[in-house]
């Protein structure tokens with residue numbers, strides 16, 4: 001995909017310049033110095049020759065076919081150039097020029113004009129306002145970067161040109177080569193989704209990095225990323241997730257959801273690796289480009305200093321990795337080659353007087369231990385150890401297990417660290433950074449191995465029953481659902497409700513109580529009241545007729561006082577569910593990623609505690625189970641102090657069913673089942689209260 005962009009047979013540079021330092025000159029220079037094998041056509045109506053190449057006055061004057069045009073002219077001239085490229089049959093254009101959407105309304109209009117002209121001819125656009133594109137294996141460099149790229153295995157797409165420049169600097173400093181990169185700029189056409197797919201299909205790309213500021217088609221991004229991440233690591237860093245796109249919401253779910261939660265849910269759905277910082281972003285690239293992935297979580301730490309070894313051990317304990325105690329056979333081997341004052345377990349401390357040979361022998365023993373999946377080598381520069389010689393010994397023992405190193409110091413360890421990097425062993429300044437990198441490698445292994453597993457029967461759904469309710473609402477042109485309609489829809493998706501009867505008078509409430517039985521709950525019913533508890537519209541644990549009459553009257557008094565004009569349909573007399581754990585299920589819609597399901601401990605304090613997890617709908621059963629395990633209160637569901645475990649199977653099915661409802665009816669913008677009472681294992685669960693909110 002996009003081969004004509006990365007591997008064109010001929011390139012036209014529109015706006016090629018004779019003046020060094022100009023964008024049009026630098027692009028031409030980069031294309032020549034990369035050794036591009038195809039035809040190169042500089043375009044400039046005021047020049048005859050640039051850098052030894054014949055110059056053409058326009059794209060239409062070029063005698064041969066052109067697949068790729070690189071445009072470096074003033075923004076107002078770009079529409080005319082695109083028109084000319086379209087008529088010439090150019091397949092793709094990289095617009096380096098700035099002065100479009102990023103400048104305001106007029107620039108945005110100009111960008112729309114450019115895109116419309118390109119679409120008329122089926123011409124694809126990268127940019128505008130971008131750094132350019134490169135493919136080191138195709139010897140294509142149509143960027144205006146001053147730094148020349150190294151050839152390697154890192155593929156990169158970015159909405160920031162500055163990060164592209166930093167990547168080139170980093171690549172040369174760390175001796176980690178690039179395969180392809182795309183600076184997306186304003187991404188008026190070619191998107192991050194297409195770049196991700198192209199890098200996934202590229203045989204030379206081993207690890208994919210993506211820097212994002214916004215995603216145009218969240219669902220497509222998740223679908224493609226999920227497909228690509230099964231084959232190679234995808235590391236994403238996204239900025240702008242701390243409140244942008246947040247909106248007012250009337251449900252707990254809506255108020256807890258935001259752009260950060262949505263993107264986090266998308267990352268989990270896509271099974272990609274998310275970098276928390278730019279440092280971590282480039283660390284992951286370094287590791288995945290140079291080392292095999294972790295085959296398991298077990299890490300051995302090899303050090304000549306106790307303190308840094310303990311720091312590493314603490315970091316491992318806090319991560320998804322493990323620092324296992326070494327087996328007797330490995331310990332016996334270590335005892336034979338290490339002094340008696342060394343530490344033979346994990347971390348393995350070869351002692352402060354260790355030399356390079358002692359390091360090498362201990363490393364070989366750890367590499368031979370079948371229970372160890374990766375090794376972190378820490379070196380503090382002492383009088384007895386030469387960091388460069390240790391580096392040589394580490395390189396000599398490199399095998400199939402991933403290695404990372406932490407050489408503490410600056411100038412004194414620079415040569416050794418440089419040797420390791422050149423030979424494919426990543427070196428980090430501090431142990432915690434190395435541990436984080438190993439952890440992300442193990443997570444990639446876990447994610448890439450994930451499958452749906454055994455097929456599980458989906459929850460039984462009566463779609464026609466729910467659709468009939470929605471049809472009735474649309475026909476009546478209502479933008480709200482009555483309580484009984486909410487119940488009807490959720491029952492169609494397998495939810496059970498307590499026995500309930502609507503009462504308009506205390507006499508009807510007393511009759512309802514005789515049918516249902518005590519204890520009871522009383523709830524006000526009104527289409528205008530969302531949070532009943534806030535207005536005193538709920539009474540629980542009603543056990544006598546006197547309590548029922550008093551509670552009924554108090555609810556009416558408080559609600560009418562708070563909302564005098566509210567329409568009160570009646571009071572719901574409901575069976576009180578006891579001996580159950582209270583949780584909340586909900587969904588809301590993110591503008592980029594679509595329906596998103598939420599789970600957490602229930603009740604009125606959910607917004608304060610914020611002990612919730614999110615996933616994109618529809619959910620697989622394993623995703624629902626992951627959501628349940630993620631919350632801090634998971635132990636309460638498992639049972640504490642002799643309590644039996646809650647019915648987690650019923651809870652899992654309910655989450656999957658709710659996710660299907662969110663997908664089936666796009667007109668439902670939010671939904672919530674709170675509280676959802678989960679009984680003991682095997683006894684099921686009951687939806688005590690629920691709301692569905694229509695768009696409008």
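Read the figures in this text as sums done on the coordinates, not as results from a lab. No experiment lies behind these values; they were computed from the predicted model shown. All Cβ positions, even for glycine, are placed from backbone atoms using ideal geometry, and neighbour counts span all protein chains on display.
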Rounded to two decimals, what ratio of Rg to Rh does the stretch 3-239 give with C-alpha atoms and a Kirkwood Rh? 0.95
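Need one number: % antiparallel among DSSP beta bridges in the stretch 292-449, to the nearest 5.
On the way: 1 of 17 bridges.
Percentage antiparallel, nearest 5: 5.
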Share, in percent, of DSSP beta bridges within the chain that are antiparallel, nearest 5: 50
Subtracting the Cα-Cα distance from 0.36 nm times the residue separation, let me have the gained length for residue 569 to residue 629 in nm, one decimal. 17.6 nm
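Quick one: of the DSSP bridges fully inside the stretch 581-694, what percent are antiparallel, nearest 5? Present the calculation step by step, with values, prior to reporting the outcome.
Values: 29 of 29 bridges.
In the stretch 581-694, approximately 100 percent of DSSP beta bridges are antiparallel ones.
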Once the stretch 292-449 is represented by equal point scatterers at the alpha-carbon sites, with solvent omitted, what log10 I(q)/I(0) does the Debye formula produce at q = 0.16 Å⁻¹? -0.81
Relative to the present Cα-Cα distance, how much length would full extension add between residue 331 and residue 560 at 0.36 nm per residue of separation? 74.8 nm
For the stretch 622-673, state what percent of all Cα-Cα pairs lands in each successive 10 Å bin, counting from 0 Å until the bin that includes the largest distance. 22, 44, 25, 8, 1
Which parts of the stretch 297-330 would a label at residue 430 reach, counting a residue when its backbone N lies under 15 Å from a point 7 Å out along Cα-to-Cβ? 308-316
Given labels modelled 7 Å from the Cα in the Cβ direction, how far is it in nm from residue 448 to residue 383? 4.7
Using a cut-off of under 13 Å, list every residue of the stretch 76-90 whose amide N is near the label point 7 Å from the Cα of residue 113 along the Cα-to-beta-carbon line. 76-83
Roughly how large, in nm² to one decimal, is the mean projection of the convex hull of the alpha-carbon atoms in the stretch 52-177? 8.6
From DSSP H assignment alone, runs of 4+ in the chain each adding -39500 (n - 2.57), the sum over residues rounded to the nearest 500 puts [θ] at 222 nm at -12000 deg cm²/dmol
P(r) for the stretch 463-575, please, calculated from all Cα pair distances in 5 Å bins and given in %. 2, 12, 21, 20, 18, 14, 9, 3, 0
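Can you figure out the FRET efficiency of residue 474 with residue 223, using R₀ = 35 Å and their beta-carbon distance, to the nearest 0.05?
Details: r = 30 Å, r/R0 = 0.85.
After rounding, the FRET efficiency stands at 0.70.
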At 4 °C in a medium of viscosity 1.567 mPa s, the stretch 5-112 has a Stokes-Einstein diffusion coefficient, with Rh taken as the Kirkwood radius over alpha carbon pairs, in µm² per second, of 92
Arrange the peptides 226-232, 339-345 so that the one whose residues have, on average, the most other Cβ atoms within 10 Å appears first. 226-232, 339-345
Take residue 353 and residue 310, extend 7 Å from each Cα along the Cα→Cβ direction, and tell me the distance between the two endpoints in nm. 2.3
Cα convex hull of the stretch 646-696: how many Å³ per residue? 56
Over what distance in Å are the Cα centres of the stretch 36-73 and the stretch 120-153 separated? 17
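Using the beta-carbon distance between residue 322 and residue 276 and R0 = 22 Å, what value does 1/(1 + (r/R0)^6) give for FRET efficiency, to the nearest 0.05? The partial results should precede the final answer.
Working: r = 21 Å, r/R0 = 0.97.
Working from the Cβ atoms, E equals 0.55.
For the stretch 581-694, just say rounded, prolate or oblate: build the C-alpha gyration tensor, square-root its eigenvalues into a ≥ b ≥ c, call rounded for a/c under 1.5, and beyond that prolate if a/b exceeds b/c, oblate if not.
Values: a/c = 1.77, a/b = 1.68, b/c = 1.05.
It is prolate, given that a/c is not under 1.5 and a/b is the larger ratio.
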Enter the Cα centre distance for the pair the stretch 475-550 and the stretch 396-467, rounded to the nearest angstrom. 51
What distance in nm separates the simple spin-label points at residue 106 and residue 396, each placed 7 Å from Cα in the Cβ direction? 6.9
If N is the number of residues in the stretch 75-120, what value comes out of its Cα radius of gyration divided by 2.2 N^0.38 Å? 1.09
What per residue convex hull volume, in Å³, comes out for the chain when only alpha-carbon positions are used? 198
So if R0 is 60 Å, what FRET efficiency would residue 343 and residue 19 give, r being the distance between their Cβ atoms, rounded to the nearest 0.05? 0.40
Largest to smallest principal axis extent of the C-alpha atoms in the stretch 489-530, angstrom: 33, 26, 14
